[in-house]
Amino acid sequence: MSSGSKRGLSRRDLISGTAVAAGAALASQMGSGLKAAEIDVAPKVEAQAKPIKTYTNADFYNAAGEFQADKAKEAYFDMFRRFGYPISETLRKGMWVLDFHLGDYANVGMAGIFWLNRQDFCYFGHEIYLLPGQMIPEHQHLPTDKGPAKMESWQPRQGMIYTFGEGDPTPEFLTKIPASQRDIVKSRHCKPLKIDEVGDLNRREAWHFMVAGPEGALVTEYGTYHDMAGLRLSNPKAKL
């Protein structure tokens, strides 16, 4: 018998024994008949990767060129499943999709849900959803009679984004902008954001937009009160 054994059970022995006992208790409570060793008492470190779907505009428009919102939503739900993001009934009912009447949803569009938008206390909670490589059209926020121009920050929770705004041009990122928008946008300074990195508008009323990375993106947006009347789009063909 080793000197460690003479002192009694080691910390490792205690942890191992506790885990086996917990597994046995769980099996007993579930009535599964499983042995303790067959119970996975620790969470899996990494889920098996699922393939990333790519889309074309034919996936989102019918033969008459009409936008099919239900097909767009299903594309996001498929992305949510890949990310392991819960799809609640609140999300199913409250999520909206926009193609901004540009007819290029595979490249330019978005989905989202406004969790709250409080004019009385001037704060706003929004989730932005983007398919792989999808861009939100360039826009700015102006003051209205309901409040000042909206200020906002963004935090990717899954995937990553390229945020474009004012500042010195970053030519190495311009190819991330869909070709249909590349010659229209004013914002040519790019800052990539990875999971849980936070970016901000550099000033109120600044022109800005974002583009999802190759996996798509789920982005939490923090902002001040959002009055749609203050929204301006730089593409003259874009509209809500």
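Per-residue packing, averaged as other Cβ atoms within 10 Å, sorts the ranges 83-91, 229-237, 201-209 into the order 201-209, 229-237, 83-91, beginning with the highest. Checking the cross-link pairs 73/191; 150/239; 71/191 against a 25 Å limit on the alpha carbon distance flags 73/191; 71/191 as lying beyond it.
Among the trypsin sites (Lys or Arg not before Pro) within segment 59-167, those in coil by DSSP and having at most 15 neighbouring Cβ atoms inside 10 Å are 146. Note on segment 57-233: Kirkwood radius taken over Cα pairs, Stokes-Einstein applied at 4 °C and 1.567 mPa s, translational D equal to 78 µm² s⁻¹.
Counting Cα-Cα pairs of segment 133-201 in 10 Å increments starting at 0 gives whole-percent bin shares of 18, 48, 29, 6. Among the chymotrypsin sites (Phe, Trp or Tyr not before Pro) in segment 118-149, those placed in a DSSP loop whose Cβ has at most 16 other Cβ atoms within 10 Å are 121.
Normalise the Debye intensity by I(0) for segment 71-165, one equal point scatterer per Cα, no solvent, then take log10 at q = 0.13, 0.21, 0.25 Å⁻¹ and round to two decimals. Reported log10 I(q)/I(0), two decimals: -0.52, -1.27, -1.50.
Rule-based calculations on the coordinates, nothing more; no lab input. Values in this document were obtained by computation on a predicted structure and should not be read as measured data. Heads up, the Cβs are rebuilt from the backbone with ideal geometry, glycines too, and the neighbour counts pull from every protein chain shown.
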